[in-house]
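Peer 1: This is the structure, below, for whatever I ask next.
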Amino acid sequence: MTDTTHRDGSTRTRGSAGADPDRAARRRGSLDDIRTTYADQADTVARMRPLDRLLVGRYRRRLFDRATGRVLDVACGTGTNAEYVPETAEYVGVDVSPAMLREADTELRRLGRGGTLAEMDAEALAFRDDSFETVISSLSTCTFPDPLAALGEMNRVCEPGGQVLLLEHGRSSVELLGRFQDWRADAHFEKHRCRWNQEPLTLVSRSDLALREASTKLLGVVTAIRAEPG
Ligand SMILES: C[S@@+](CC[C@H](N)C(=O)[O-])C[C@H]1O[C@@H](n2cnc3c(N)ncnc32)[C@H](O)[C@@H]1O
């Protein structure tokens, strides 16, 4: 298992064309594609929550436990992160998929926690500048048609002194697995609208966000990132 921590804002480039952000950026879905894909998958994603908890739950908990104040969960999907955001925080989730938001509503009720959900494009958030103390997002930059635009919006709505917490997946640091991801990248994108070999740290380094901490887990596939508005 890979566990690499970067606290100095440095980024790491894995030398594969599959991790090339320009090449990855050519795989872009439209918002309609994304809605259609998740209309089909929302129920399955919700039912797979126990597996998610097993594989990714501890990383979600470790990162999102740090969320404070008014918290925006960008591309909240089925509301999986609500379980990991402290009860003392005010949870606001947005997503472009009505089907995923319906599952998120069920999840908030199951958890018995308050919160607000809204259908919204991550690349054009309908919030004023500096509206949130914490912005979180998970497993999402791989799906956004224009991930840099979405990171720009997270930067904009996060207040000065606040934090942006991202839990993202990307190309494995285990070369064999990384090559498999490169090989299947187009097929994976066709089915899931997900660029699974896109490198999240490279994206963040190209955004306005100021990277503060990053650690990579689970065969180098999952990266936890703490950034501040730049
Ligand atoms: C793989 S799911 C991740 C959901 C959730 N964050 C999680 O960790 O389980 C990706 C989500 O991104 C949403 N999404 C993709 N593009 C979006 C956009 N431009 N604006 C808002 N949501 C978007 C999809 O609808 C989907 O719910």
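The values are calculated or read from the model by the stated rules, or taken from the named source; none is laboratory data. None of the values given here were measured: they were computed from a predicted structure. Every residue, glycine among them, receives a Cβ derived from its backbone with ideal geometry; neighbour counts consider all protein chains shown. Accessible surface areas use protein heavy atoms only, side chains included; no ligands, DNA or RNA. Shrake-Rupley method; radii C 1.70, N 1.55, O 1.52, S 1.80 Å.
Peer 1: Set the Förster distance to 30 Å, then compute FRET efficiency between residue 106 and residue 175 from the Cβ-Cβ distance, nearest 0.05.
Peer 2: So, using R0 = 30 Å, E works out to roughly 0.15.
Peer 1: Quick check on the chain: of the DSSP beta bridges with both residues there, what percent are antiparallel, nearest 5%? Can you show the working numbers first?
Peer 2: Details: 16 of 35 bridges.
Restricted to the chain, the bridges split so that about 45 percent are antiparallel.
Peer 1: Give me the one-decimal nm value for the distance between modelled label points at residue 32 and residue 47, 7 Å along each residue's Cα-to-Cβ direction.
Peer 2: For the pair residue 32/residue 47, the computed spacing is 2.9 nm.
Peer 1: Please give the calculated 222 nm ellipticity per residue for the chain, where each DSSP H segment of at least 4 residues contributes -39500 (n - 2.57) and the sum is spread over every residue; nearest 500 deg cm²/dmol?
Peer 2: Dividing the helical sum by the residues of the chain leaves -11000 deg cm²/dmol.
Peer 1: Could you give the length gained on full extension between residue 149 and residue 66, defined as 0.36 nm per residue of separation minus the Cα-Cα distance, in nm? Show your work: numbers first, answer last.
Peer 2: Details: separation 83, 0.36 × 83 = 29.88 nm, distance 2.45 nm.
Using 0.36 nm per residue and subtracting the Cα-Cα distance, I get 27.4 nm.
Peer 1: Kindly report the accessible area of the chain per residue (heavy atoms of protein chains, probe 1.4 Å, no ligands, DNA or RNA), in Å².
Peer 2: Per-residue accessible area for the chain comes out at 45 Å².
Peer 1: Sort the following peptides by mean Cβ neighbour count (other Cβ atoms within 10 Å, averaged over residues), highest first: 45-58, 82-95.
Peer 2: Descending packing order for the listed peptides: 82-95, 45-58.
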